[in-house]
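This report refers to the structure that appears directly beneath it.
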Amino acid sequence: MKVSLCLVAVFMLALVAGCTADGSKTPTATQAPVASPTTVADSVPQQAATVATPAAPVTTAAPVSTGQKETIKISGSTTVLPIVQKAADLYMATHPDADIQVSGGGSGVGIQAIGAKTVDIGMSSREVTKAELAKYPSFVVTSVAQDGIAIVANPVNTIPYITLDQAKNIYLGKITKWSEITGADVPNTNNQIVVVGRDSASGTRSYFDETVLAKKTPTKKMLEKNSNGAVLQTVAQTPGSIGYVSIGFVSKDVKALPIWYNADKIIPASLDNVKTKTYPISRDLYVITNGEPSGLAGDFIKYILSTDGQKIVSDEGYVTVS
């Protein structure tokens, strides 16, 4: 009996061994490789790529953005030009997408250009007239700095100061020799006055003609120059000359004449006197846009009005508006 039972047991074990050794595809044995990370990566590469795609713009957004330039053009007043050019240089240094192109030509040129929409920002050293505002009602005018107009003479001239009436009469051709003004003399010359001014496109000339000349036309003998720098150079090189420039352009090469104002006090052409509005020939400096400035033009104007931008105004020899 015992032998029979043993034979039965041996027979059953043999059957079990035969089933497991014949390669039968049991669920447990075949599913384990599917769970393997290697198998998943190899079997579904398209799914893996799809998951990674949304992250790509995040890592590449900066390079794509910096590769897309935005350009604006600015033109106009040569008085405002140094402020805007320096601001543009510093702005572009930290904004590689920005391309800011700045040129001069005078306030009249700037106003005409922004009116014709051939530029994005116009620069002016005078107020926009009522006629211009009527013609271009979409103009938005923003003051970015304050400035004074200095009356300058060649350094060899002994003149200690000048009155506004004397300056007016010189520019109207009524005073033609320095010997007609007390204290003025140009050694080794016949004291003939050489009158130097700006051309008709100049906002500085417009303001000077209105404020000092009472809107009268200057003498035809006046040498018309197209920039502050050109006036400065001519006066510096011509002993008997007189001119006018933005205070921001005054240098040791010329003599900025204090103004004897209202026969009361002598007022030097200084930034402090412009700031306190005691200097009699002072004005604001402007940028102009068609409509409210937006995009790069708007951001750039905000930069000029910021603390950093107004530091540029001060560094360039003008008075801040903030």
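The table below gives the values:
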| item | result |
| --- | --- |
| Region 151-237 - accessible surface per residue (Å², probe 1.4 Å) | 48 |
| Per-residue HN-Hα couplings for region 197-205 [Karplus 6.51, -1.76, 1.60; θ = phi - 60°; Hz; x = Gly/Pro] | x, 9, 7, 5, 7, 7, x, 5, 5 |
| Size of charge dipole - region 186-250 - debye, nearest 20, with Cβ of Lys, Arg +1 and Asp, Glu -1, no other charges | 140 |
| Other-chain or far-sequence residues with amide H under 5 Å of Tyr279's (modelled H) | Val274 |
| Residues whose placed amide H lies under 5 Å from that of Ser77, excluding near-sequence neighbours | Gly106, Ser107, Gly110, Met123, Ser124, Ser125 |
| Kirkwood Rh (inverse of mean 1/r, distinct Cα pairs), region 166-272, angstrom | 14.4 |
| For region 96-146: rounded, prolate or oblate by the Cα gyration tensor [a/c cutoff 1.5] | prolate |
| Carbon plus sulfur fraction of accessible area for region 259-322, probe 1.4 Å, in percent | 50 |
| Accessible surface of region 135-239, 1.4 Å probe, proportion on carbon and sulfur as whole % | 48 |
| Karplus-derived 3J(HN,Hα), 6.51/-1.76/1.60, for each residue of region 112-123, Hz, glycine and proline x | 5, 5, 6, x, 7, 6, 8, 10, 9, 9, x, 10 |
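The values are calculated or read from the model by the stated rules, or taken from the named source; none is laboratory data. If you're wondering where the values come from, they're calculated on a predicted model, not measured in any experiment. All Cβ positions, glycine included, derive from the backbone under ideal geometry; neighbour counts span all protein chains shown. Side chains included, ligands, DNA and RNA excluded: accessible areas come from the protein's heavy atoms. Shrake-Rupley method; radii C 1.70, N 1.55, O 1.52, S 1.80 Å.
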